[in-house]
Amino acid sequence: MAELVLTDVSRTYPEKTGPHTVLSHLSERFDLGACTVILGKSGCGKTTLLRLMAGLEVPDAGTIAWPPDHPFAMMFQEARLMPWLTCRENVALGKRSPGGRSVEELLELVHLTDAADRYPSELSGGMSQRTALARTLALDRRVILMDEPFAALDYFTRLHLQQELLSMKHKLHLGLILVTHNVEEALNLADTILVLENGHFIFKEQVPCGEGPRDLLSPAFIQLKRRLLTALQSIPNAK
């Protein structure tokens with residue numbers, strides 16, 4: 001089992017009122033063949049942790065060790081499409097080599113074949129995020145880091161994209177590390193849920209996800225949601 005290993009990772013930012021420690025001596029192992037969801041309130045350090053994993057920031061202390069055969073890509077909360085390019089052309093930006101899936105295959109995978117020649121201004125929010133996902137998949141990486149990619153979408157579009165993401169995960173054998181503040185999203189997507197607060201993981205649990213669609217109203221999921229909410233309700237308001 002390939003793992004991303006965090007050992008004693010700390011990150012502090014200078015502020016007018018003094019140093020603000022976001023992550024403190026954080027250690028964890030992430031299964032890169034699964035979907036790990038990092039859950040927490042706004043401002044708890046989820047995005048900082050993801051940026052550290054991606055190498056966009058450097059920890060003040062500790063190490064972040066990726067296995068050499070697991071290249072990764074990152075998908076941000078905003079679609080960040082080039083407005084002067086069509087949907088097809090935006091996806092093509094992710095193609096760095098002739099190998100892997102073609103742009104047309106990726107458009108079909110995210111159900112955007114009929115919208116391939118539209119510009120971002122002609123796409124809905126959900127279609128824009130699917131375009132961004134296809135562009136990320138075009139990089140042909142084995143692991144995707146996702147920073148609240150569905151947060152700005154309405155409930156029904158978000159739920160639909162979550163199901164599509166799960167389907168693609170299994171079809172393409174992807175590893176996912178996703179951060180969110182949405183409990184239902186964590187329950188829908190995760191193989192493992194971690195709750196981050198005060199620089200530490202205060203909760204970790206495997207999700208009872210067997211074959212087929214998840215029933216969030218089943219006794220097992222209801223009990224897990226109660227445990228999650230109990231952990232989150234024990235957290236003071238964000239600073």
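Things to note:
- Every pair of residues 6+ apart whose Cβ atoms lie under 9 Å, when the first sits in the range 100-124 and is within 15 Å of ASN90 (Cα to Cα) and among the aromatic types (Phe, Trp, Tyr) while the second is open to solvent by less than 80 Å² (accessible area, probe 1.4 Å) and part of a loop (DSSP other than H, G, I, E, B): TYR119/LEU81; TYR119/LEU85; TYR119/THR86
- Looking only at the range 81-108, residues that are within 14 Å of LEU139 (Cβ to Cβ) and either assigned to a loop (DSSP other than H, G, I, E, B) or aliphatic (A, V, I, L, M) (or both) come to 14 in all.
- Residue tally, condition buried (at least 18 other Cβ atoms within 10 Å of the Cβ), farther than 22 Å from THR21 by Cα and either at pLDDT below 95 or over 14 Å from the mean Cα position of the chain (by Cα) (or both), over the range 191-207: 1
- Qualifying residue in the range 131-142 (condition: among the basic types (Lys, Arg) and in a helix (DSSP H, G or I)): yes
- A single entry from THR21, THR36, THR17, THR7 fulfils the requirement of being open to solvent by 60 Å² or more (accessible area, probe 1.4 Å), modelled with pLDDT of 95 or more and out of contact with any helix residue (DSSP H, G or I) (no Cβ under 9 Å at 6 or more places or on another chain): THR7.
- Exclusive hit being open to solvent by less than 20 Å² (accessible area, probe 1.4 Å) and within 25 Å of TRP66 (Cα to Cα), set LEU165, LEU139: LEU165
The values are calculated or read from the model by the stated rules, or taken from the named source; none is laboratory data. Computed from a prediction, not measured in an experiment: that's the story for all the values here. All Cβ positions, even for glycine, are placed from backbone atoms using ideal geometry, and neighbour counts span all protein chains on display. SASA here: full protein model, heavy atoms, side chains in, ligands and nucleic acids out. Shrake-Rupley method; radii C 1.70, N 1.55, O 1.52, S 1.80 Å.
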